[in-house]
Amino acid sequence: MEMDLAHRIASHPKYQELKAKRSSFGWWLTALMMIVYYGFILLVAFNKEFLTQRMGDGVMTIGMPIGLGVILFTVVITGIYVRRANSEFDDLTEEIKKAVTK
């Protein structure tokens, strides 16, 4: 019985759509995160002078807000994924459940 259900789910067109959309979206977000994170790491490795410049008369350097920006970017793209997963992906999942459990 479980194999039959798994086969019906896997062969359902909405499941194929869900799988493609989720995978594509995940890869785009992964690429963006890799660019931001490795861009920061490359900046640390090859342009320390830029990152160590002081901002104004204080002790904060340019590297601190950039590092904070990397962390905040991670939170933002996680929120974007969760929002889309809770709407579009969950809606497709419910459609699939209704179609295969009839």
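Results, tabulated for the structure shown:
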quantity: More than 20 Å apart - percent of Cα-Cα pairs taken over the chain; calculated: 58
quantity: Nitroxide proxy distance, nm - points 7 Å out along Cα→Cβ at residue 60 and residue 21; calculated: 4.0
quantity: Kirkwood-based shape ratio for region 43-97, expressed as Rg/Rh from alpha carbons; calculated: 1.37
quantity: The chain - charge dipole about Cα centre, Lys and Arg +1 at Cβ, Asp and Glu -1, debye rounded to 20; calculated: 140
quantity: Kyte-Doolittle mean at least -0.5, axial Cα span of 18 Å or more - DSSP H helices of the chain; calculated: 13-46, 63-84
quantity: FRET efficiency estimate (nearest 0.05) - Cβ-Cβ, residue 8 to residue 34, R0 41 angstrom; calculated: 0.70
quantity: Burial ranking of peptide ranges 89-97, 3-11 (average Cβ count within 10 Å, highest at the top); calculated: 89-97, 3-11
quantity: Relative contact order [Cα under 8 Å, 6+ residues apart], region 36-102, whole percent; calculated: 20
quantity: Carbon plus sulfur fraction of accessible area for the chain, probe 1.4 Å, in percent; calculated: 68
quantity: Under-30-angstrom lysine pairs by C-alpha in the chain, whenever the two are 8 or more apart or on separate chains; calculated: 9
quantity: For the chain: accessible area per residue (Å², 1.4 Å); calculated: 75
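The values are calculated or read from the model by the stated rules, or taken from the named source; none is laboratory data. What you see is a predicted model, and the numbers here were worked out from it, not measured in a lab. Ideal geometry is used to build each Cβ from the backbone, glycine not excepted, and the neighbour counts take in all protein chains shown. Surface areas here come from the heavy atoms of the whole protein model, side chains and all, with no ligands, DNA or RNA. Shrake-Rupley method; radii C 1.70, N 1.55, O 1.52, S 1.80 Å.
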